[in-house]
Amino acid sequence: MATVQEYFDKQEGEVQSIALALRAVLDEMIPDAEVKLAWGFPCWLRGKYRVASIIAHTDRCNLQLWQGSALADQFPERIEGTGKDLRHVKVRKIGEVDEGLRAIMDAALALDPKAIR
C-alpha cells in the first residue's frame, strides 16, 4: 500500500512544488490533523471529519474542501465545483498558494466540525 509521502514523491516538476506547498500550508494550519490516503489521495482529518485533500493532476493540483459548498459564495473567484458538499480550488502555479488560499482554509477550519464529513 502506498503512503502519503510516496504520493508526494511520485509527483514531478511544478505539480510537485504546488503539492508540497499545499501540504505545508495544511500541516501548518491543521497541526492536529491525521493525514492519510483516502481514495488514493492525501486527506487531512480532524477525528473522523474530513477537512481537505490534495489531488495532483498533470497541470495543477486541486485542494479539495470537504465542506466547500458552505464557502463557495464567500470565495466565488477561487472555489469551484457543483458537488453537494465537496468543492475545490484549482492551483495552477506556486504563486496561487497565497494569503487568499490561507483565508479559504481559515474559513474552512472555522466551520463546525460536526458539519465536516
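As an exercise, identify the GluC sites (Glu not before Pro) in region 1-49 lying in DSSP coil whose Cβ has no more than 14 other Cβ atoms within 10 Å. Could the numbers behind the result be given before it?
On the way: sites: Glu6, Glu12, Glu14, Glu28, Glu34; in loops: Glu12.
Those satisfying the criteria are Glu12.
For region 77-113, the list of trypsin sites (Lys or Arg not before Pro) that fall in a loop by DSSP and count at most 12 other C-beta atoms within 10 angstrom reads Lys84, Lys93.
Tell me whether the chain comes out rounded, prolate or oblate; compute the Cα gyration tensor, take square roots of the eigenvalues as a ≥ b ≥ c, and use a/c under 1.5 as the rounded threshold. Mind dumping the intermediate values first?
Values: a/c = 1.62, a/b = 1.19, b/c = 1.36.
The shape class here is oblate.
Taking 0.36 nm per residue of separation and subtracting the Cα-Cα distance, full extension of the segment from Leu37 to Ala103 would add 21.3 nm.
May I ask for the net charge around Ala72, where only other residues with Cβ less than 14 Å from the Cβ of Ala72 are counted and Lys, Arg are +1 while Asp, Glu are -1? Display every interim value, and only then the final one.
Details: positive: Arg78, Lys84, Arg87, Lys90; negative: Asp73, Glu77, Glu80, Asp85.
Result for the local shell: 0.
Distance between the modelled labels on Ala110 and Gln74, one decimal in nanometres: 0.5 nm (7 Å Cα→Cβ projection). Classify region 30-96: rounded, prolate or oblate, from the alpha-carbon gyration tensor (a ≥ b ≥ c, eigenvalue square roots; a/c under 1.5 rounded; otherwise prolate if a/b is larger than b/c)? Verdict is oblate for region 30-96. For the chain, a simple Cβ point-charge model (Lys and Arg +1, Asp and Glu -1, everything else neutral) yields a dipole of about 440 debye relative to the Cα centre. Loop-located chymotrypsin sites (Phe, Trp or Tyr not before Pro) in region 1-94 (DSSP state not H, G, I, E or B) with no more than 15 neighbouring Cβ atoms inside 10 Å: Trp39.
Where a number appears in this text, it was derived from the coordinates with a stated rule and is not lab data. These numbers were taken from a predicted model, which means no experiment stands behind them. Cβ coordinates were reconstructed from backbone atoms using ideal geometry, including for glycine residues, and neighbour counts include every protein chain displayed.
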